[in-house]
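Student: Structure incoming, see below.
The values are calculated or read from the model by the stated rules, or taken from the named source; none is laboratory data. If you're wondering where the values come from, they're calculated on a predicted model, not measured in any experiment. Neighbour counts run over all protein chains shown; Cβ positions are idealised from the backbone, glycine included. Areas reflect the complete protein model, heavy atoms only, side chains present, ligands, DNA and RNA absent. Shrake-Rupley method; radii C 1.70, N 1.55, O 1.52, S 1.80 Å.
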Amino acid sequence: MAVPLPEAVNSAKLDNYKQEALKNMTKNLDYLHQRRDEYMENYAKPAADFVSNSAQSRPFTTTFLANFLALSILPVLGFLLFTAGTFITIFGGAVVFGLFWTTVLVGGAGLLLLGTLFVTTLISLFVVFWFGVAFAAAHLLKNISQASSIAEGLKVSEEKARLFVSDTVSSLKRPQLPNGISTKVEEDAES
């Protein structure tokens, strides 16, 4: 048994409402696409370019930072979730009593986080160190295999290592910020 529509609501009015709703949805979708494009152009692309330039100019530093971020994201998120849970639980009881225990628990979790970040830093340094050792060993083996004698291969490797270290030390400038942004220190140094 179908419920009859009131006489005031007819199919022409429904079509009008539908068309108006579709126009509004299209307008909102266009706005969202515009905001996405602005975000990509103003934030995502400059950040990606900055990371790419840093990775090309300092591969070991970038590898260390990537390892550190990958290894420390879970402890940091756990710390943040623990802190949020602590705040919710403690403030449910009493404010004064809760503030005391929040300070104690968050301070303890902060100490745990500090230790965890120390361990992840050591692991990241370990990974980057062995990455460098493997890189150097591979180049040493390549140079020895391409040389006519082991002594000549060692000499070539030593020369390449010396050039690599001197190039690395001479390129320890601050990376350029995106879009020509300069810092106060750079402006003071130029004047």
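Student: For the range 1-122, compute Rh as the Kirkwood radius over C-alpha pairs and then the Stokes-Einstein diffusion coefficient at 37 °C and 0.692 mPa s; write the answer in µm²/s, rounded to an integer.
Tutor: Rounded, D is 159 µm²/s.
Student: Explain nothing, just compute: Karplus ³J(HN,Hα) = 6.51 cos²θ - 1.76 cosθ + 1.60, θ = phi - 60°, for every residue of the range 70-76 in order, whole Hz, x for Gly and Pro.
Tutor: Running phi through 6.51 cos²θ - 1.76 cosθ + 1.60 with θ = phi - 60° gives 5, 7, 9, 5, 5, x, 5 Hz.
Student: Okay, moving on. Ignoring ligands, DNA and RNA, what accessible area per residue does the range 28-90 give at 1.4 Å, in Å²?
Tutor: Spelled out: the 1.4 Å probe surface of the range 28-90, per residue, equals 75 Å².
Student: Roll a 1.4 angstrom probe over the protein heavy atoms and tell me the percent of accessible area of the range 69-129 that is carbon or sulfur.
Tutor: 90
Student: Please list 3J(HN,Hα) in residue order for the range 144-157, calculated via the Karplus relation 6.51 cos²θ - 1.76 cosθ + 1.60 where θ = phi - 60°; whole Hz, with x for glycine and proline.
Tutor: Each residue's phi maps through the Karplus curve to give 5, 5, 8, 7, 7, 9, 5, 4, 5, x, 5, 5, 4, 5 Hz.
Student: Which FRET efficiency, nearest 0.05, do Ala66 and Val96 yield, Cβ-Cβ r, R0 41 Å?
Tutor: For Ala66 and Val96, the calculated efficiency is 0.40.
Student: How large is ³J(HN,Hα) for each residue in the range 54-64, as worked out from phi by the Karplus curve 6.51 cos²θ - 1.76 cosθ + 1.60 (θ = phi - 60°), to whole Hz, x for Gly and Pro?
Tutor: Karplus values, whole Hz, x for Gly and Pro: 5, 5, 6, 7, 9, x, 5, 5, 5, 5, 4.
Student: Can you compute the FRET efficiency between Asp37 and Ile123 using 1/(1 + (r/R0)^6), with r the Cβ-Cβ distance and R0 = 45 Å? Round to the nearest 0.05.
Tutor: Efficiency, from the Cβ-Cβ distance: 0.70.
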